Structures are given as C-alpha cells and as structure tokens.
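Participant: Dropping a structure here in structure tokens format, bear with me for questions.
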Amino acid sequence: MGLLILVRHALTEATGRRLSGRTPGIHLSEEGRRQAAQLGERLAPVPLAAVYASPLERCLETAEAIATPRRMPVREVPELAEVDYGRWTGRSMPQLVRTALWRKVQQTPSAVTFPEGEGLIDAQRRSVAALEEIAGRHQRAAVAVVSHADVIRLVLAHYAGLHIDLFQRLIVSPASVSAIALGDRIPRIVRMNDTGGLDDLASRRSPRDGQRRTSTPSKRPSGRARGT
C-alpha cells in the first residue's frame, strides 16, 4: 500500500493577507523557515521514497527542509502548483471577500472559474491525476508531496468522496500534514491537517470563552502542563 503525505507549505509574509496564487518570488518568512525545519524533524521517523513539490518557491523551500537531511532531491511537479486565480492573483483578502465571486467560491465552488484563470474542478482534476501518477510509481512506499492549501483541500475532498461544493469545510493549515493510503481497494485518509500540536485550536477560542475559563477557579495543581 502506498502512502501520500500531503504537506502544505510553511508561512510566508503574504499568507492570510494576500492571494499569492502563482506569483513567483514569494519565499518563506522567518517563522515559515522555522516551521519547515520543525516539519523536517517531525517527518524524520517516516521512511520516504521521494519528495515531490509544486514548483513555486514557498513549496520548494518547505520540501527542501524535508529532503535535505535525507540527501534526497526535490522533484518538481507543475501539476501540483497553486490554483490559477487569474486576475485575483495578488489582491488582498479584504478586497476579495467583498466580491460576489467570493461568495460563489464559498457556496458553489463547482461553478467557479476565476477570471483569466482556471476552474476549481479543473484544478482538482489535474492535481488528483498528478498524485495518481506519483502513487503509481511508489505503490508500496511513502512519499511526501508539498503543495498549497486549496490544492490539498480539493484532493482530500476527492479521496473522501465529498462533492467539491463541500471542500471549503476542510481546513489545511501552513506546514500541516495530511496523509492518504492508496492501494487497498479504497483510499483511506489517515491524517488530516496535522500540525503536531493543538495551538491552532487554541487560537480559534473566542476571547469570551477565554475570559470565562480564566475566571473559573481551578482545583488542579498549579504546576500542570499547558498547551499540550
């Protein structure tokens, strides 16, 4: 049985602020480089037959953190590049969320083709086809594949049997690991959005909840571990 380990690239200065798309020259931030190094350490116990990546710099730099300690090359796969967002590329997120197309992307992505770009269905098809080809080369081995949030979410939706209109319900965080086992009649998603900790969940807690917890007296020993 083959194992596809899908890794989203680590943080850049533009992550969450601007739709980078296929813009060249966007590198990992200082925090992103730290994330990538930790990712390489987290994956160290996993024997990998190969490391593949989108050809964009932020993915290649993340992939190198996995491949270099193993003295392995990073194999570029153009079909795993970011969605072609066309004229949306480079625009800020606050600008995009105010558009009618943004609402369509959230509610009925199957009907969306980005202006002068590609459709999300097309992005799903080419990325799944690329992964099937990779899996065919490594039918009894694990490989790491570094790509982008929307690409990985579209792939996970496909292998989970979810309609593409539901793919926005999936979350794929920077430097996260998802894994799909192939070759046992049906695909099996064995990891999804694994960041190696629970900090991403803590950051989603509302301030009100935080205040409520803080104000509640605790009977546990004061020396207990936090954030585990």
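The values are calculated or read from the model by the stated rules, or taken from the named source; none is laboratory data. Predicted, not measured: the structure shown is a model, and the values here were computed from it. For neighbour counting, all protein chains shown are included, and Cβ atoms are generated from backbone atoms with ideal geometry for every residue, glycine included. SASA here: full protein model, heavy atoms, side chains in, ligands and nucleic acids out. Shrake-Rupley method; radii C 1.70, N 1.55, O 1.52, S 1.80 Å.
Participant: Looking only at residues in segment 134-152 that are assigned to a helix (DSSP H, G or I) and over 12 Å from Leu80 (Cα atoms), which one is least open to solvent (accessible area, probe 1.4 Å)? Explain how you work it out, then say what you get.
Facilitator: Quick first cut of segment 134-152, residues assigned to a helix (DSSP H, G or I) only: 134-137, 149-152.
The next check asks that each one be over 12 Å from Leu80 (Cα atoms); those that pass are 135-137.
Numbers: Ala135: 20, Gly136: 43, Arg137: 127 Å².
Only one residue fits best here, namely Ala135.
Participant: Still on this structure, I have one more. In this structure, does Leu131 turn out to be in a helix (DSSP H, G or I), touching a Phe, Trp or Tyr at 6+ places or on another chain (Cβ under 6 Å), surrounded by 10 or more Cβ atoms within 10 Å (Cβ to Cβ) and modelled with pLDDT of 90 or more? Give the derivation first.
Facilitator: Details: in a helix (DSSP H, G or I): yes; touching a Phe, Trp or Tyr at 6+ places or on another chain (Cβ under 6 Å): no; surrounded by 10 or more Cβ atoms within 10 Å (Cβ to Cβ): yes; modelled with pLDDT of 90 or more: yes.
No; evaluated as a whole, the condition is false for this residue.
Participant: Specify the residue that is nearest to Ala130 (Cα to Cα); the eligible residues are those in segment 77-101 that are hydroxyl-bearing (Ser, Thr, Tyr) and surrounded by 13 or more Cβ atoms within 10 Å (Cβ to Cβ). Steps first, please.
Facilitator: First, the residues of segment 77-101 that are hydroxyl-bearing (Ser, Thr, Tyr): 85, 89, 92, 99.
Within this subset, residues satisfying the condition of being surrounded by 13 or more Cβ atoms within 10 Å (Cβ to Cβ) are 85, 89.
On the way: Tyr85: 19, Thr89: 23 Å.
So the residue we want is Tyr85.
Participant: Same structure, new question: Considering only residues of segment 153-173 that are under 22 Å from Trp88 (Cα atoms) and part of a loop (DSSP other than H, G, I, E, B), which is most open to solvent (accessible area, probe 1.4 Å)?
Facilitator: The residue in question is Ile171.
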